[in-house]
Amino acid sequence: EYGGSNDPPNGLDGVMVMMMARRLCSSALHSPRAEFLKQLGFSCSVVSHWRETSRLAGLEPTSTLPSQDWESTARFLETRVKLTLRIAIRRHPELLEAPVPQIVDHLTALSAAGFTEPQIAELATAAPSLLAHPEALRSAWEALDWLSGYGLEAGAVLKGPQLLVLPLEEIEDRERALAEAGLGREGREMVLSRFLHRFVAMDSRDMGVRAALLDECLGVGPDNLEKLFFKEPQLLTGPVVEQQLRSALDFMKDEVCLTQAAICRIVSEAPTVLGLDVARQLRPKWSYLLKVMGPELDISTQVVGFPGLLEAGLTEIIVPRLEFSRARHHWPVTDLKAILGSTDTEFLALVGGTHAQYNNYRRSIQTKVKLGQRSHDIA
């Protein structure tokens, strides 16, 4: 950079300026600290990114911060804290610049809170900012105090360690969103005890949108929404986006030709169907069933009687079982639940054959799918 002028200073041409810039960058990437990071297994591009984004101030050539012996800090973290060092540094490189006395103080405080050494190592690996930031303990205590209000002990946070570094306001926003989505105290307690990691990762605004969408499309009302979320919390806190929910609901209505009441029943009994991708999962199953079963069997009625049909894996369950039934001359199939909703033992008792024969048949079909054949062409 030379002030935005189009003419290089002192008569230098553009190539020389580029070479000088690269040399400056290269010298920063070959500093002792950068070399130490590379010894830990981090690539030049990662080290360069940390330098350029100031994630590690000690990599800056012009840094005026007090010197910090990264190697000593790393050794302390690895031996004293039993930290999975490379994972922790990748998540929070600033950890290397935290003063060791501060780290010791935080470790002592976590131990006093009742965490064992293995638990502290697990927490620090998942949420290394607990040790890196001077104010991190305040957030941790507020989070633990809030969690205890639901009758959960400190150890419960191991299912979602990032809770400890969330500001209390953000935690309360998520709590409020769960309540507004229809979950009572018991439902919220269930989410926190079983799906704390999802609670930590979820978006408060997105939860409200999901709840409103399900209420609008299904007309289930607040009480049934709570039952639905209680049974399948991932509908509220999982990685399911609004468009995915709407697409799944539209698919069942427009392509499977189900009534709203039928969709409500399916979602209540098999809620994970709303998290399936229409193009990659739901539509291929439907196309295969229509092609293989023909017009003789009303697939829509079968789905209403057996909601798990849409959840069943195409190449894991549906194709192997139907094709093996045909190979065993158990055809035509008139009850998909009996074929697809049973255990392997129950299925084989119905159609005949041994576990070895069926497993070999299933493997051969899955191999064909891997080789690129479409599922509805396998027969």
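Quick note: the coordinates plus some simple rules give every number you see, no bench work behind them. Predicted, not measured: the structure shown is a model, and the values here were computed from it. Note that we place each Cβ from the backbone using ideal geometry, even for glycine, and neighbour counts take in every protein chain shown.
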Point to revise | Around residue 358: net Lys/Arg minus Asp/Glu count, Cβ-Cβ under 11 Å | key: +2
Revision key, fill the gap. Scalar couplings 3J(HN,Hα) for segment 117-129 by Karplus 6.51 cos²θ - 1.76 cosθ + 1.60 (θ = phi - 60°), nearest whole Hz, x for Gly and Pro, are 4, x, 5, 4, 4, 5, 5, 5, 5, 6, 9, x, 5
Study note, to complete from the structure: Neighbours of residue 56 by Cβ distance under 11 Å: Lys/Arg at +1, Asp/Glu at -1, summed charge -1
Point to revise | 3J(HN,Hα) from dihedral phi, segment 267-272, Karplus parametrisation 6.51/-1.76/1.60, rounded to Hz, x for glycine, proline | key: 5, 5, 8, 9, x, 5
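Take each of the peptides 110-117, 286-293, 90-97, 252-259, average the number of other beta-carbon atoms within 10 Å over its residues, and list them starting from the highest.
Details: 110-117: 14.1, 286-293: 17.6, 90-97: 19.6, 252-259: 15.8.
In decreasing order of mean packing, 110-117, 286-293, 90-97, 252-259 become 90-97, 286-293, 252-259, 110-117.
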Revision key, fill the gap. Highest mean packing first, using Cβ neighbours within 10 angstrom, the peptides 197-204, 322-329 sort as 197-204, 322-329
Check your understanding: Of the peptides 298-308, 344-354, how do they stack up when ordered by the mean number of other Cβ atoms within 10 Å, highest first?
Key -> 298-308, 344-354
Review point. Over what distance in Å are the Cα centres of segment 289-366 and segment 124-198 separated?
Key: 44 Å
Review point. Going down the list 337/370; 285/337; 38/159; 291/337; 285/370; 291/370, which pairs span over 25 Å between their C-alpha atoms?
Key: 337/370; 38/159
